[in-house]
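Below you'll find the structure, written out as structure tokens, and then a few comments.
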Amino acid sequence: MSQVSLKEKYTDLWPTNYKVGMWFWLLHRVTGLYIIVYGIIHLWEISISLMGADGAAFDWFFKVVGLNPFIQFLDILTMFALLYHGMNGLRVILFDFGLGIRRQKTVFLAVMAVGFVVWVATIIETLPFITGRPLF
């Protein structure tokens with residue numbers, strides 16, 4: 001009996017064989033999970049403000065964590081995840097109503113273009129607040 005590799009046995013599930021739509025679907029699921037995890041962490045972080053009467057614990061936490069460049073990068077990544085997930089969800093809702101089914105790639109590119117423009121505008125507006133220094 002010959003050995004069959006996983007790639008040969010599960011050709012539809014092998015990532016190099018994914019079509020574009022599968023990557024869109026996968027990214028939609030990943031961003032959904034990221035948003036859930038970020039939301040839980042954010043609620044925990046905000047709950048720190050309730051510790052102590054004067055809010056010193058939150059001030060300390062914000063100084064230590066909030067100004068970390070990695071956390072600032074995660075804030076920008078969160079904006080991307082929210083916009084991608086929301087715009088792709090809007091695309092799926094349009095398809096549920098029977099709109100744009102025959103032009104899925106065009107609809108995807110259109111909603112992602114709108115999402116990208118909003119993302120860039122959001123970064124330009126919020127980056128000074130995230131980093132604590134002017135953008136230009």
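The values are calculated or read from the model by the stated rules, or taken from the named source; none is laboratory data. Quick caveat, the model's predicted, so the values are computed rather than measured. All Cβ positions, glycine included, derive from the backbone under ideal geometry; neighbour counts span all protein chains shown. These accessible areas exclude ligands, DNA and RNA; they are computed on the full protein's heavy atoms, side chains included. Shrake-Rupley method; radii C 1.70, N 1.55, O 1.52, S 1.80 Å.
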Problem - Estimated [θ] at 222 nm from DSSP helical runs (n ≥ 4, -39500 (n - 2.57)) normalised by residues in the chain, nearest 500 - result: -23500 deg cm²/dmol
Completion exercise
Rounded to a whole %, the carbon-and-sulfur portion of the accessible area of the chain at a 1.4 Å probe is 73 percent
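What is the calculated FRET efficiency for T131 to H42, with r their C-beta to C-beta distance and R₀ = 25 Å, to the nearest 0.05?
Numbers: r = 19 Å, r/R0 = 0.75.
Taking R0 as 25 Å, the efficiency between T131 and H42 is 0.85.
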Handout entry: Hull volume in cubic angstrom per residue (convex hull over the Cα atoms of the chain)
Key = 196 Å³
Handout entry: Percent breakdown of C-alpha pair distances by 5 Å bin, ordered from the shortest bin, for region 26-103
Key = 3, 13, 16, 18, 14, 11, 8, 6, 5, 3, 2, 0
Completion exercise
Mean shadow area (nm²) of the C-alpha convex hull around region 59-119 is 5.2 nm²
Problem - Inter-probe distance in nm under a simple model that places probes 7 Å from Cα toward Cβ, at V20 and K63 - result: 5.1 nm
Handout entry: Neighbour net charge for L109 - beta-carbon separation under 13 angstrom, K R +1, D E -1
Key = +3
Exercise for the section: Please work out the average accessible area per residue across region 49-125, using the 1.4 Å probe convention, and give it in Å². Expected result: 68 Å²
Practice task
Set the Förster radius R0 to 35 Å, insert the Cβ-Cβ distance between L74 and R102 as r into 1/(1 + (r/R0)^6), and round the FRET efficiency to 0.05.
Solution key: 0.40
